[in-house]
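K.L.:
The structure's right below; bear with me while I get my questions together.
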Amino acid sequence: MIRLERLNKFYQQGDEKIHVLKDVSLQIQQGEFVAIMGPSGSGKSTLINIIGFLDHQFMGQYRFKGESMIDQSLSDYARLRNQNVGFVFQNFKLISNLSVAENVGLPLLYAGHRRKNIADQVNDVLSSVNLQGVGAKLPMQLSGGQQQRVAIARALITRPSFLLADEPTGALDSHTSQEILKLFIDLNHKSRSTIIMVTHDFQVARLSQRIIRILDGRIESDRSVDQ
Amino acid sequence: MKITELFFTALRSLLTNRRRSILTVLGIVIGIASVITIISLGKGVEKATLKNLQASSSGKQSTVVDYYADDLNSTASGFEASDLALINASQTSFGLVKADIVSDNDGSAESEASINGADQNVTVKLLKHPSSDLEILSGHNISQNNIMLADPVALISKKLATSFYSSVNQALNTSVTINGISYQVIGVFKEDMGLDDVAISKTTYERSNNGEAGNKLKLTFNRGENVSKQTKKIVSLLNKQGSHHLQGSYEHMDMGAILKGVGSVINGLTYFISAIAGISLFIAGIGVMNMMYISVSERTQEIGIRLAIGASPKSILLQFLLEAVLLTGMGGVLGFGIGCGLAWLISLFLPFRAVVGLESFILAFGVSAIVGIVFGIFPARQASKKNLIDILK
C-alpha cells in the first residue's frame, strides 16, 4: 500500500542545509502493525509526516496504492489526509471548545457530510473505543486515556487506509498506555486496520508486528517482532 | 466542508468569544446606526414634503398665486372675476383643472368697513367655528347657530368700539357694514395680541364676497403637469393683464424650488454623516482585522488540527473570512435596528415620520459585510497559509 523509494529530505536551518532523511526506502502492506523507533532527531517524525501526507516537500518517490504523490496539489493532500489517514497524536490534539462528538465528527464534515446526518456514525465509533455517552462533554472533562480514545475515534471515523500514531502513549501513565495499546492491537486483529506507530519505547514497540529503527536519517534495521 | 457547516463553525467560534466579538463590532454598530438614522430621517422629510406640498388627495397638484398691493394699506382684492375669466380663457393651454380665488388669508381678510357712518380699513377674522379664544367684554360670542345660519352678526374689538362709540356697551347692537352687508354687533372682544378688528362668520362673509375677490388664487393642475413652469406663465400673464397689475404684483412661491433646497440641505447632512460613519467603519474594520489576527494566532493549534484531519487551506480561509463577515454583518444588522429605533425616536419630536426602506437594510448589511471581507481577508489568508508541520511539532 505504501511504497517509499530513495526518499531524501533536506531542511534549511539558517545557512545550514540539514539532510534529515537519507535514501529511505520501505514498503508497508495493508493490515500491518508497524512501529517506527528512533531517538529524537533521528528523522522519524519527518518520515511519518511524509507518509501521512502532511509534508509534500521531499525528493524521491512516494507511491500510495500505486499512485505517485509527487504531482499532487495541496488540496489533493488535504483530501488524501481526510480519506486515507487517521492521525493519533501524543497530546491528543482535540479542539477544546468543541464537544467530544463534534471533534469526532469533524473529519466527516470536511469530507462533505452534513452535521445532522453523522450522529449515528459518531456514536458507533465512540462505542467501538468504549466511550459511550460522553459525546456531549468537552475534551477537558475527560481523563487523558479517554481523550486519547476520542482522538482514536476521530481517526477511525472516515474508515481510513491506515492509522498514523505519533507517540500515542507518550502523555499517558503505564496503565492507561496498556489500554490504548490493547485498543490498537484489537483494531489491528479484528478490523485488519493498518497501523503505523512512532515510539521511542521498546516496551511499546514490541507489541507491534514489525519494528523499523531509524538513526540519523537512515533505516538502521527493519525486522519482524517474534511473538 | 459544506458552506452551511462552515457557517455554523464560524458562528460557533464567535459565540465562544462573545464579549470580544461584541466589543469588536461596536464601531460598526455605531457607524451603521448613524447612517441609517440620517437616511431614514432624510427620506421621511422627502416623503412628508412631497405629500404636503404637491399632490392633493386625488393626485392633482396645486399651487397658489398671491397678490401683494404696492400700497400696504390698500384693502382692495388683487383677484376679481375678470382675472378668472382671463386665466380660464386659456385654461387648457396651462393644463389647468380649475382656478379658484381664495378670499381669506389663513382665516382673516382685509376689508373696508363702515362703522357709525365712517369708513375704516379693518382686519376681519373669519370664523368657521365659534371661537373660544376671544375674550368677550360685553354682549355675547358668535354661536354655532349664528355660523350655521350665516347670521349677519359681528364681534368688534374694544379698540374699534371705543374709537367710534363712547363706551364698549354703546357699541352693542350697532351695525358694521362690510362688503355691502350690514352686520349687527353682538359683542365686543378684547384684542390681546391679535390684530383682528372684527370677527364674523366665514360663510356669511363668503356669501357677500361671492368668492370672486381675494388676494390668493389657487390653481389646480392635471396630474403630470409641470406646475412650476405653468404657474410662472400664469403669473406673468397676470402681471401684464391682471385686474390690479398696476396697483401691485402677483407672485408665486415655488414650493418645488423650496423642496429642492430642503432636500439639498438634507443631502449635504447625509454626506457629512456618511463621511463620519465611513471613518468609524474604517476604524472598526481595523479593529476587526486586529481581532482576527489575534484569533488566528490563538487558534494555531485548532488550525493545525483541522488541516491534519483533512481541511483544505481554502476551507480554513473561508472559515476565518466567514467569521469576520459574520461578525461585521451582525454588527450591521444590529446597527440597522438601532438606527431605525433612533430615527423613530427623533421623528417623535419632528413634524414627520422617518421612513425605513429595504434599500436601507441592504445598504447596512452590504456595507458591513464588505468591511468584513476587506478586513478579514488578510487574517484569513494568514490562517490558511500556516505551516502544518510547524504547528504539529
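K.L.:
From zero up to wherever the largest Cα-Cα distance of the range A:2-224 sits, split into 5 Å bins and tell me the percent of pairs in each.
P.N.:
Result, from short to long distances: 1, 7, 15, 18, 19, 16, 12, 7, 3, 1, 0 percent.
K.L.:
Okay, moving on. Hey, with R₀ at 25 Å, roughly what FRET efficiency would B:Arg223 and B:Ala85 work out to, going by the Cβ-Cβ distance, to 0.05?
P.N.:
Details: r = 25 Å, r/R0 = 1.01.
So, using R0 = 25 Å, E works out to roughly 0.50.
K.L.:
Right, something else. Leaving ligands, DNA and RNA out of it, work out the accessible area of A:Val20 with a 1.4 Å probe and give it in Å² to the nearest 10.
P.N.:
20 Å²
K.L.:
Using heavy-atom solvent-accessible surface (probe 1.4 Å) with all chains present, what is the largest-first order of B:Thr162, B:Thr300? Show your work: numbers first, answer last.
P.N.:
On the way: B:Thr162 70, B:Thr300 35 Å².
Order by accessible area, largest first: B:Thr162, B:Thr300.
K.L.:
Among B:Gly180, B:Leu318, B:Gln61, flag the residue with its Cα farthest along the positive direction of the charge dipole of chain B, charges on Cβ as +1 for Lys/Arg and -1 for Asp/Glu.
P.N.:
B:Leu318
K.L.:
Which distance in Å, rounded to a whole number, links the C-alpha centroids of the range B:319-349 and the range B:217-241?
P.N.:
47 Å
K.L.:
Within the set of other residues whose C-beta is less than 12 Å from the C-beta of A:Val85, count the net charge using Lys and Arg as +1 and Asp and Glu as -1.
P.N.:
Working: positive: A:Arg79, A:Arg81, A:Arg154, A:Arg159; negative: A:Asp166.
Value of the local net charge: +3.
K.L.:
I've got another one for you. Could you work out the relative contact order of the range B:111-201, using alpha carbon pairs under 8 angstrom and six or more residues apart, expressed as a whole percent? Walk me through the numbers before you get to the answer.
P.N.:
Details: 193 pairs, mean separation 37.7, N = 91.
Reported as a whole number, the value is 41 percent.
K.L.:
Of B:Arg306, B:Arg223, which has the most accessible area with a 1.4 Å probe, and how do the rest follow in descending order? Present the calculation step by step, with values, prior to reporting the outcome.
P.N.:
Working: B:Arg306 10, B:Arg223 175 Å².
Greatest to least solvent exposure: B:Arg223, B:Arg306.
K.L.:
Given Cβ point charges of +1 (Lys, Arg) and -1 (Asp, Glu) and nothing else, what value in debye, to the nearest 20, does the dipole of the protein assembly as shown about its Cα centre take?
P.N.:
Working: 59 positive and 52 negative charges, 678 e Å.
Computed about the Cα centre, the dipole is about 3260 debye.
K.L.:
Work out, in µm²/s and without decimals, the Stokes-Einstein translational diffusion coefficient of the range A:32-139 at 37 °C, 0.692 mPa s, Rh from Kirkwood over C-alpha pairs. Intermediate results must be reported in sequence, preceding the final value.
P.N.:
Numbers: Rh = 16.2 Å.
In µm²/s, the coefficient is 203.
K.L.:
How much net charge surrounds A:Gly135 when only other residues with a Cβ under 14 Å from its Cβ are counted (Lys, Arg +1; Asp, Glu -1)?
P.N.:
On the way: positive: A:Arg115, A:Lys137, A:Arg149, A:Arg154; negative: A:Glu102, A:Asp120, A:Asp124.
My count for the surroundings of A:Gly135 gives +1.
K.L.:
Using amide H atoms built 1.01 Å from N in the peptide plane, name the residues 5+ places from B:Gly248, or on other chains, whose amide H lies under 5 Å from its own.
P.N.:
It is B:Asp70, by chain and number.
K.L.:
Here is a further query. Give the Rg (one decimal place) followed by the Dmax (whole number) of the range B:78-129, computed from C-alpha coordinates and expressed in Å.
P.N.:
15.8, 49
K.L.:
On to the next question. Cβ under 14 Å from A:Gln203's Cβ, A:Gln203 left aside: what net charge do those residues give with Lys, Arg +1 and Asp, Glu -1? Provide the component values of the computation, followed by the final result.
P.N.:
Details: positive: A:Lys182, A:Arg206; negative: A:Glu167, A:Asp173, A:Asp201.
Computed value for this residue: -1.
K.L.:
Could you grab the Rg to Rh ratio for the protein assembly as shown? Cα atoms only, Kirkwood for Rh.
P.N.:
Working: Rg = 45.6 Å, Rh = 32.7 Å.
Radius of gyration over Kirkwood radius for the protein assembly as shown works out to 1.39.
K.L.:
Given the options A:Ala171, A:Ala35, A:Ala155, which has the most mean-square fluctuation in a GNM of chain A, springs set between C-alpha atoms less than 10 angstrom apart?
P.N.:
A:Ala171
K.L.:
Translational D (Stokes-Einstein, µm²/s) of the range B:313-365 at 20 °C and 1.002 mPa s when Rh comes from the Kirkwood sum over C-alpha pairs?
P.N.:
On the way: Rh = 12.9 Å.
The calculation lands on 166 µm²/s.
K.L.:
Follow-up question, since we're still on this one. Of A:Lys116/B:Lys393; A:Lys22/A:Lys182; A:Lys17/B:Lys385; A:Lys137/A:Lys182, which sit over 26 Å apart, Cα to Cα? Present the calculation step by step, with values, prior to reporting the outcome.
P.N.:
Details: A:Lys116/B:Lys393 33 Å; A:Lys22/A:Lys182 33 Å; A:Lys17/B:Lys385 23 Å; A:Lys137/A:Lys182 24 Å.
The pairs that break the limit, which is 26 Å between Cα atoms, are A:Lys116/B:Lys393; A:Lys22/A:Lys182.
K.L.:
Give me the percent relative contact order of chain B, please, defined on Cα pairs under 8 angstrom at least 6 residues apart.
P.N.:
Working: 660 pairs, mean separation 114.3, N = 393.
With pairs under 8 Å counted, the relative contact order is 29 percent.
K.L.:
Could you tell me whether the range A:124-195 comes out rounded, prolate or oblate from its Cα gyration tensor? Rule is a ≥ b ≥ c as square roots of the eigenvalues, rounded for a/c under 1.5, then prolate if a/b exceeds b/c, otherwise oblate.
P.N.:
Values: a/c = 1.74, a/b = 1.19, b/c = 1.47.
The shape class here is oblate.
K.L.:
Just to compare against my own numbers: the Cα pair-distance distribution for chain B, 20 Å bins, whole % per bin, please.
P.N.:
The distribution over chain B is 21, 30, 22, 17, 9, 1, given as percents.
K.L.:
Can you give the % of DSSP beta bridges in the range B:108-224 that are antiparallel, to the nearest 5? Could the numbers behind the result be given before it?
P.N.:
Values: 22 of 31 bridges.
Antiparallel bridges: around 70 percent, rounded to the nearest 5.
K.L.:
Given the rule -39500 (n - 2.57) for each run of at least 4 DSSP H residues, summed and divided by the residues of chain A, what is its mean residue ellipticity at 222 nm, to the nearest 500 deg cm²/dmol? All intermediate terms of the calculation are to be shown ahead of the outcome.
P.N.:
Values: 7 runs with 74 residues, N = 227.
One gets -9500 deg cm²/dmol as the mean residue ellipticity at 222 nm.
K.L.:
Straight-line reach from B:Lys229: which aspartates and glutamates fall under 18 Å, measuring Cα to Cα and dropping same-chain residues less than 8 apart?
P.N.:
B:Asp66, B:Glu251, B:Asp254
K.L.:
Considering the convex hull of the alpha carbon atoms of the range B:61-251, report its projected area averaged over all viewing directions, in nm², one decimal. Each step should come with its number before you reach the end.
P.N.:
Numbers: hull surface 45.9 nm².
Averaging across all directions leaves 11.5 nm² for the Cα convex hull.
K.L.:
While we're on this one: Considering only DSSP beta bridges with both partners in the protein assembly as shown, what is the antiparallel share in %, to the nearest 5?
P.N.:
Working: 63 of 90 bridges.
Counting DSSP beta bridges with both partners in the protein assembly as shown, the antiparallel share is about 70 percent.
K.L.:
Consider all pairwise Cα distances in the range B:95-188 and report the whole-number % of them above 19 Å.
P.N.:
I get 43 percent for the Cα pairs in the range B:95-188 exceeding 19 Å.
K.L.:
Moving to a separate point now. As a test of reading the structure, rank B:His244, A:His56, B:His252 by solvent-accessible area (1.4 Å probe, protein chains only), most first. Intermediate values should be presented prior to the final figure.
P.N.:
Details: B:His244 20, A:His56 80, B:His252 45 Å².
Greatest to least solvent exposure: A:His56, B:His252, B:His244.
K.L.:
Okay, next question. Could you size up the charge dipole of chain B around its Cα centre, putting +1 on the beta carbon of Lys and Arg and -1 on that of Asp and Glu, and report it in debye to the nearest 20?
P.N.:
Values: 33 positive and 30 negative charges, 607 e Å.
Rounded to the nearest 20 debye, it is 2920 debye.
K.L.:
Determine which lysines satisfy two conditions relative to B:Lys202: a Cα distance under 30 Å, and not lying fewer than 8 residues away in the same chain.
P.N.:
Within the straight-line limit of under 30 Å, B:Lys202 reaches these lysines: B:Lys51, B:Lys60, B:Lys98, B:Lys125, B:Lys128, B:Lys158, B:Lys159, B:Lys190, B:Lys216, B:Lys218.
K.L.:
For the range A:2-224, what's the relative contact order in percent, using C-alpha pairs closer than 8 Å and at least 6 residues apart? If you can, show how the numbers build up before the last one.
P.N.:
Working: 419 pairs, mean separation 67.8, N = 223.
After rounding, I find 30 percent.
K.L.:
Which of B:Ala161, B:Ala275, B:Ala118 moves the most in a Gaussian network model of chain B with Cα springs under 10 Å?
P.N.:
B:Ala118
The values are calculated or read from the model by the stated rules, or taken from the named source; none is laboratory data. The structure presented is a predicted model; accordingly, all values stated were derived computationally and were not measured. Glycine also receives a Cβ, built like all others from the backbone with ideal geometry; neighbour counts cover every protein chain displayed. Just the protein is used for accessible areas: all its heavy atoms, side chains included, with ligands, DNA and RNA removed. Shrake-Rupley method; radii C 1.70, N 1.55, O 1.52, S 1.80 Å.
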